[in-house]
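Scroll down for the structure; my scribbles are underneath it.
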Amino acid sequence: MRWSLFLPGLLLSAPLGAQEWAVLTPGTVQIEPAGSASVLEDGSVVVSAAEGFKRIRVECLIDMDAVGSLRLEALAHDSLPGKGPGLGEKGNFALSEMRIRSIVGRKSRWISCINPTASEAAVGWPAGAAVDTRENTAWSPGPGRGPQELVVQFEEPLGRGRRTLVLDLEFHTGAARSLGCFRISASSIQGNSAKGEAAQWGKTQIAINQAIDKGVAYLLSQQELDGSWSDQQARYTTGGTALVAYALLKSGVPKEHQAVRRALAYLAARPPRYTYEAGTQLMAFVAADPKRWKDHAAGILDELLDWQIGDWGYPGGHGNPSAAHKDLSNTQYGALGLWAAVKLGLEVPPPAWERLAERVMLYQTSDGGFGYTPGGGATGSMSAAGVTVLSLCLPQLSKRKAFQHDVEVAQRSGLGWLDRNFSPTTNLGHGNNAWFHYYMYGIERVGAFAEVEIFNGQNWYREGARQLLKQQRGNGSWGDPWGREHSTTSYCLLFLNRASSPKSGPGGGRSAVTYGDDNPEETISLRAAGDSPITLWVSSFGDALFNKYVFEGEEEIGLRVTQVDYLTEGGVLLADSRHGGAKWTYTTKAPPEGWAQPTFDTKGWKSGAGAFGPKDSPRVAVGTSWTSSEIWLRKEIELQPNRLTNPELTLNFGAGAGGVQSKLVKLFDEEKEFVSHLTDGSGAALNVSGDASSGERYLRITPRQRHKVRIPGWGFPIRAKPGDGEYRYIQFAWRKPANNVMIQLAIDGAWGRSVRYFAGENQIALNPAIEITAKAPKRWTVVTRDLWADMGADGFVTGMSLTAMDDSEADFDAFYLAQSKSDFRRKEGLLAEVPEWAAANLEGPRPAELGALTLYLNGKKAADVDWETDNFEIILADEELREYLVPGRNLIAVHAKNSSSGRSLDLSLLGSKLLASAKGNPDKAKRGERYAARFSMPRPGMYDVWARAHVLDETTGESIAIDSKPLSLNIRSALDLKMLEYATDGLHNQMNGMVESVEASSFIPGWEPNRAVNNNQIRGWVSIDGDAAPEINVTLTRPVRADVLLLSPTRIIRANASRTTLATRVEVTINDRGAPIVATLLPGHLIKTPIHFGRAQKVRSLRVRIVAQTEGKDPTLTGVGFAEIELQLQGR
C-alpha cells in the first residue's frame, strides 16, 4: 500500500444504526513512546504526539450489565490542523489497528472484534483494516472529512460486572497520521453482529444458493428449441442468449449440460452484429472452454476491433462508427469482450486499450462519476461501467507509466463517487430506479476488478444479495419494467455468484442430485446420484428376499447375484407409425408358398413405410396406402444378445375411414347408438320405432338442434372423381309436419365450410345454405344431392347437425354417401352389416372373419387374429416371443385381409430398454456389493428406471430374475444430438422471409398464426379452446423447393402451466392438391417432428390440420398449435 496517496473525494458515507451509547471516561491515557493527552469534560481526549509516535493506550473502568459493541469517535477540535480530527494535513489520520483487552481482577483476555463499520472510509482504507491485525493496513476517512466514527462488535459480548477495558490505538504511519481528538463509548447491544450476525449471514448464504438454483431452473425452463432465449431477440439475435449462457456457466451449470451446448451451438452459427453481442459471446465462450472456442473467438475479436473508434456504439445502426452516437454501455461490453479475448489466449493490440481508456475518461463527470455519453449526468450503472473499463485497461498500460497514472487517478475518482453514492436499493441518477439489476451486476464487476469489498460503509455483496433475495419471484426469475426477465435474471445470478471474481461464487458449490432410499420391506432398494452421466446402485435387498435366497452359512455376508440389469421403458425393436414407421417389404398379389420363410426371395415386391391402410385412416398415421383385398408383409430385424427384455408385439388392426372397392357408406339407418354421438345443441335426439322411411327406426330431433362437428369414425373424403373409399353423392330422408327444417354437414372438422340443406324458411339464417323446397315436407321425402358440387372443392365429411329450427319436431332417416347415384339402388350388395363409426364404439373385440390376419415369426405361425383391435393391443409378450425370436437376424411376416369399410394395419415390437448391467459372482457372496452402473440418458426428461437382479437359488441352482420398483429420475443435462441441429434449422428454413399470408381457424390473442412462421421459436400459434378442427394455412410469395416440413410444438405451457395440450396427429396438404400427408407427431415439448415429402417439391402453399391431440391437465383448455413451421431442402 502507498501510504502517501490520499485523493480528495474518495470517501464512503453511511448512517450507522441508532444505538444507545455510554461514554467511557478514560482513567489513564498513555502516548507511546512520547507525547501528551488531555481528558475533557465530555470524556473526549485531545492528543499531542511526538516524533516516533506509535500507540495510544487508554484504560477505562466500566460497570455495565453487558458490553456488546464499542464506538470510537474521531472528533473535531480547534487546536488541530484543519480542526481535526487527525494530526495530519487537513485533519487527516490513519488508524492502523485497534486492540481491546478486558481485565477482571488478575485475569486479562483479548476481545475479538467483528463487523467493523465506519461513517466514512477512503478507498483502500476500509474500516475493517483497523481490526485485521495487519500493520500495513489502516482505516482512514481521508483528509478534511470532519467528525467520524468507527463501530466494532464483540464476537462474545462481555457479561455483567466491573472491569477495565484497555484500548490500544496503533498508528504505524507516524505522528502525522495519528488521531488528535477522540472519544470512546460502549453499548450493551450486540446489534446484528457477533455470533448472531455470523449465524444470520450463514442462513443468508444458504438462501443465496437456493436463489441461484431457482434462477438457474427458471432460465433452463425458458430456453427455446433452437437453443436461444427470447430476450430482445428481435434486435439482438444472440446477445440475450450469450448473456444467459454466461450466467448459467458462472452458476455452476457444467459446460456439458445440454442447455449450454445448445446455446453455444446457436451462438456459433450466428456471428455477432452488435458490440453487445460480440462482448457477451466472447464472455460465454471463455466461460465454457477457452481451448475449444479460441479460434472461433478470434474472428469475433477482429470484428470488435474493427468497430472500435476508442469507444463503441452500434455498428450498422444509429451508433455506426461513422456517426456521432457512442455510449458507455456499449463500450463496457466492448471492453469486457477484450478482457474475455485475453483470457481466451488472444492478443489484443496495446493501442486498443490506450484508445479505450482515453475515450472512457471523457465520460467522467467533475465529481468523479460517469455518464451514458460524454457530458451526461452521472448514474450508478454508468459509473460502475466506467470504473470497470478503466480497471480492465490499467494492467495493459504498463508501457505508458504517466498515462497509466492518469487512468489510475480517474479510476480512483470513480471509485470515490461509488463510495459516496452506493446504495443496495437504488441506481442513482435513474428515475423509477431503472436498470437496477444491470447496475448491481456492474457493482459486482467493480468489486472484482478493483478489489473493493466495502462501499459507503457497507459490504456491497452482502447488502446487495439481501436486496436481490427480497426481489426474486416465485418462479425463480427477477423482473424489470420492460419484461426482460431472462437478462435481468442473468444479471442477478452473476451478482450472486460474484461471477467476475477469479474464484467461483456460491453457485459453484451447488449440491448433486440424489434419488432413492432404503426400505427393508421392498424386494430391492435403489439409489442414484448425478445426471449425465448418472450412477445407479442397489443400496439393499429386502428382508423377505434376503431370507428366501441367502445361502446357508452366508447370512452375514449377502446374496449370490449373477448380474443386475438396469432397465427403462421405450426400447423400440420394430417401430410402428407412432415411432416413425418401419420400412416393410410388401405385395398385394398372392405370393407362392414359403413366402413367410427367411430364405424366400422377395424380388418384385415393393417397399413402403408402416402403417398400411387408407390414407385417411382415423386409427393410425398411414405411411403406405392399402386398398386391395389382401396384403403380404415382411420385415427383418436384428436383435442383440441380452437386449430382448420384456418384449411385447403390439398390433393395431381394424376398419378405417376408406374402403376396399366400397362404393357406398351408411351414415345412419337403424343404428340406435347414433344419437349418442350428437352430443351438442339445445334440443334432444330420440330413436323412434315404426313408420320409418327405411327399416324400423328413425331419428326425431326436438328444437332447436343436435349436432357434433366430429363424429367418431367419420372423415369421409368427398371427391370429384371418387376412388376406393371416396364419395361424391349424399342421400337422406326427412319430414317436418310444420315448416322449416335443415341439415348441416361439417366439413374438415369445422362448421366454417359446412354444407347446409333446408326446406321452408332458413329461420336461423345460417348461410350459405341451399334451399331444397319452399316448404318442409310433411311426409317422408328422399333427397339426393351432388355433395361435391355443393361443396365446390374436395373435403372430408366429419360431422352433422340435424336442425328442427322452430317449435316442432323434425324426423330424419337413411343417410348414405355413394360414388354415383346408381349406387344408392344397390345398398344390399355394397354395405357392411355395421358401419365403421358404430363398430368403433362397440364394447369388446369386434369380430373379423377367420384368417383376417396371420402372423409368422422366423417362418413359424405365431398368431391367428380373427378380431379387430380397439387400438394397439399386445398380441404376443415376453415368454411367447422368446419361443420364436433369436439373437441376431429375425423375420416378421404378416398376411392380412381387408374389409369393405377399409382396414388399417400397424405393428410394433417393443421392449424394456437395457441401460447397463453390473456383473456379480454366482460362486461366492460378497459383503457390501452394490452392483453400481453408470450411464447417460438420450435426452432430458422423466425416466422410470428399475433393477432386475438375477439371484441364485440354492435349492434349484437356477438364477431367478427379480425386479425392483421403478425409481423416477428427472434428467436435465442429457443432450439429444438432434437438438444441436435445431440451432441451425432457422438458417436453412426455406420459408424465412417468403410468407405472403397466413391464416388459422382460430387463435388466442398473443398467439397469432404469423408467430408460427417468423423463423423463431419464441411464441407461435395456438387455437382457441373449443376449436374442433384447428388448422393453419400458409401462402408464400413464390414457390420454394423443399422435401421436409418441420413442426415445433407450442410452448404456451410456459405462459400457463395448465395448458399442456399437444398436437399428436396432423394432415398436411401441399399446394391444395392431392391427398393430405398424415403424420403422427413425436411426443413432448422439446422435440420437432420432421414430415418427409418423399421427394423435393415446389411449395407455394401449406395447410396443416390438427386431427388429434392430447388431453391436457385441464380438459377445458383444448387450444393447440405450433411454435414454428419450417420448410427445408435436406436432400436425404
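The values are calculated or read from the model by the stated rules, or taken from the named source; none is laboratory data. Because the structure is a prediction, the values reported are computed rather than measured. Cβ: placed from backbone, ideal geometry, glycine included. Neighbour counts: every protein chain shown.
Among the listed residues Gly447, Gly429, Gly414, Gly464, which satisfies the condition of being touching a strand residue (DSSP E or B) at 6+ places or on another chain (Cβ under 7 Å) and either surrounded by 21 or more Cβ atoms within 10 Å (Cβ to Cβ) or farther than 30 Å from Val342 by Cβ (or both)?
Of Gly447, Gly429, Gly414, Gly464, the one residue that is touching a strand residue (DSSP E or B) at 6+ places or on another chain (Cβ under 7 Å) and either surrounded by 21 or more Cβ atoms within 10 Å (Cβ to Cβ) or farther than 30 Å from Val342 by Cβ (or both) is Gly414.
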Top-ranked residue of the range 108-122 - restricted to ones that are touching a Phe, Trp or Tyr at 6+ places or on another chain (Cβ under 9 Å) and part of a loop (DSSP other than H, G, I, E, B), ranked as nearest to Gly161 (Cα to Cα): Ile111
Residue match in the range 673-684 (condition: assigned by TED's automatic domain parsing to the domain that holds Asn762, among the hydrophobic types (A, V, I, L, M, F, W, C) and crowded, with 19+ Cβ neighbours inside 10 Å): yes
Top-ranked residue in the range 790-806 [being in contact (Cβ under 8 Å) with a residue 24 or more places away in the chain and small (Gly, Ala, Ser); ranked as farthest from Ile743 (Cα to Cα)]: Gly795
Qualifying residues in the range 1059-1103 (those that are part of a loop (DSSP other than H, G, I, E, B) and among the β-branched types (Val, Ile, Thr)) - the one surrounded by the fewest Cβ atoms within 10 Å (Cβ to Cβ): Thr1060
Within the range 937-1004, strands (runs of 3 or more DSSP E) holding 3 or more residues that are more than 19 Å from Pro1083 (Cβ to Cβ): 941-952, 959-963, 995-1000
Qualifying residue in the range 470-486 (condition: modelled with pLDDT of 90 or more and among the hydroxyl-bearing types (Ser, Thr, Tyr)): yes
Given (1) more than 29 Å from Ile1125 (Cα to Cα); (2) at pLDDT 90 or above, number of the condition Gly252 does not satisfy: (2)
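Strands (runs of 3 or more DSSP E) wholly in the range 52-107 with at least 2 residues that are more than 60 Å from the chain's Cα centre (by Cα) - which ones?
Hits in the range 52-107: 55-64, 97-104.
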Selected residue (only one of Arg261, Arg292 is within 25 Å of Gln210 (Cα to Cα), outside the structural domain of Gly986 (by TED's automatic domain parsing) and assigned to a helix (DSSP H, G or I)): Arg261
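Residue-by-condition table, conditions (1) out of contact with any His (no Cβ under 9 Å at 6 or more places or on another chain); (2) at pLDDT 95 or above:
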| position | (1), (2) |
| --- | --- |
| Leu282 | yes, yes |
| Arg292 | yes, no |
| Asp311 | yes, no |
| His318 | no, no |
| Ala324 | yes, no |
| Lys343 | yes, no |
| Pro350 | yes, no |
| Asp367 | yes, no |
Within the range 881-928, tally of residues that are over 19 Å from Ala863 (Cα atoms) and more than 42 Å from the chain's Cα centre (by Cα): 11
Residue match in the range 711-722 (condition: touching a Leu at 6+ places or on another chain (Cβ under 6 Å), outside any loop (DSSP other than H, G, I, E, B), over 19 Å from Phe674 (Cβ atoms) and not assigned by TED's automatic domain parsing to the domain that holds Ser900): yes
Residues of the range 1006-1029 satisfying the condition of being within 23 Å of the chain's Cα centre (by Cα) and assigned to a loop (DSSP other than H, G, I, E, B): Gly1006, Trp1007, Glu1008, Val1013, Asn1014, Asn1015, Asn1016, Gln1017, Ile1018, Arg1019, Gly1020, Ser1023
Checking Gly957 against (1) assigned by TED's automatic domain parsing to the domain that holds Asp518; (2) in contact with a Lys or Arg (Cβ under 8 Å, 6 or more places away or on another chain), the condition it does not meet: (2)
Boolean, Arg704 is modelled with pLDDT of 90 or more and either surrounded by 19 or more Cβ atoms within 10 Å (Cβ to Cβ) or in contact with a Ser or Thr (Cβ under 8 Å, 6 or more places away or on another chain) (or both): no
The one condition in (1) among the small types (Gly, Ala, Ser); (2) farther than 22 Å from Arg710 by Cβ; (3) buried (at least 20 other Cβ atoms within 10 Å of the Cβ); (4) out of contact with any strand residue (DSSP E or B) (no Cβ under 7 Å at 6 or more places or on another chain) that Ala750 fails to fulfil: (2)
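Considering each of Ala434, Ala385, Ala402 in turn, give the residue that is without any contact (Cβ under 8 Å) to a residue 60 or more places away in the chain, over 23 Å from Cys492 (Cα atoms), small (Gly, Ala, Ser) and in the same structural domain as Arg462 (by TED's automatic domain parsing). Walk me through it before giving the result.
Working: Ala434 fails: over 23 Å from Cys492 (Cα atoms); Ala385 fails: over 23 Å from Cys492 (Cα atoms).
Of the residues listed, the single one that is without any contact (Cβ under 8 Å) to a residue 60 or more places away in the chain, over 23 Å from Cys492 (Cα atoms), small (Gly, Ala, Ser) and in the same structural domain as Arg462 (by TED's automatic domain parsing) is Ala402.
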Residue check for Ala738: buried (at least 23 other Cβ atoms within 10 Å of the Cβ) and among the hydrophobic types (A, V, I, L, M, F, W, C): no
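Working only within the range 761-784, note down all residues that are outside any loop (DSSP other than H, G, I, E, B) and either buried (at least 16 other Cβ atoms within 10 Å of the Cβ) or at pLDDT below 90 (or both). First the steps, then the outcome.
We begin by selecting, within the range 761-784, every residue outside any loop (DSSP other than H, G, I, E, B); these are 770-773, 781-784.
Correct list: Ile772, Thr781.
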Scan of the range 124-142 for residues that are in contact with a strand residue (DSSP E or B) (Cβ under 9 Å, 6 or more places away or on another chain), in contact (Cβ under 8 Å) with a residue 60 or more places away in the chain and not small (Gly, Ala, Ser), ordered by number: Pro126, Thr137, Pro141
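Checking the structure you have, find out if any residue of the range 1046-1054 is charged (D, E, K, R) and either outside any helix (DSSP H, G or I) or out of contact with any Lys or Arg (no Cβ under 7 Å at 6 or more places or on another chain) (or both). I'd like the intermediate steps shown before the answer.
Just the residues of the range 1046-1054 that are charged (D, E, K, R), to begin with: 1051, 1054.
Subset that is either outside any helix (DSSP H, G or I) or out of contact with any Lys or Arg (no Cβ under 7 Å at 6 or more places or on another chain) (or both): 1051, 1054.
Within the range 1046-1054, one or more residues are charged (D, E, K, R) and either outside any helix (DSSP H, G or I) or out of contact with any Lys or Arg (no Cβ under 7 Å at 6 or more places or on another chain) (or both).
Considering only the range 50-76, state which residues are farther than 24 Å from Val166 by Cβ and either touching a Lys or Arg at 6+ places or on another chain (Cβ under 9 Å) or not assigned by TED's automatic domain parsing to the domain that holds Gln30 (or both).
Keep residues of the range 50-76 that are farther than 24 Å from Val166 by Cβ, which gives 51, 76.
Across the range 50-76, the qualifying residue is only Ala76.
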Residue satisfying all of: in the range 920-961; β-branched (Val, Ile, Thr) and buried (at least 20 other Cβ atoms within 10 Å of the Cβ); nearest to Ala259 (Cα to Cα) among these: Val945
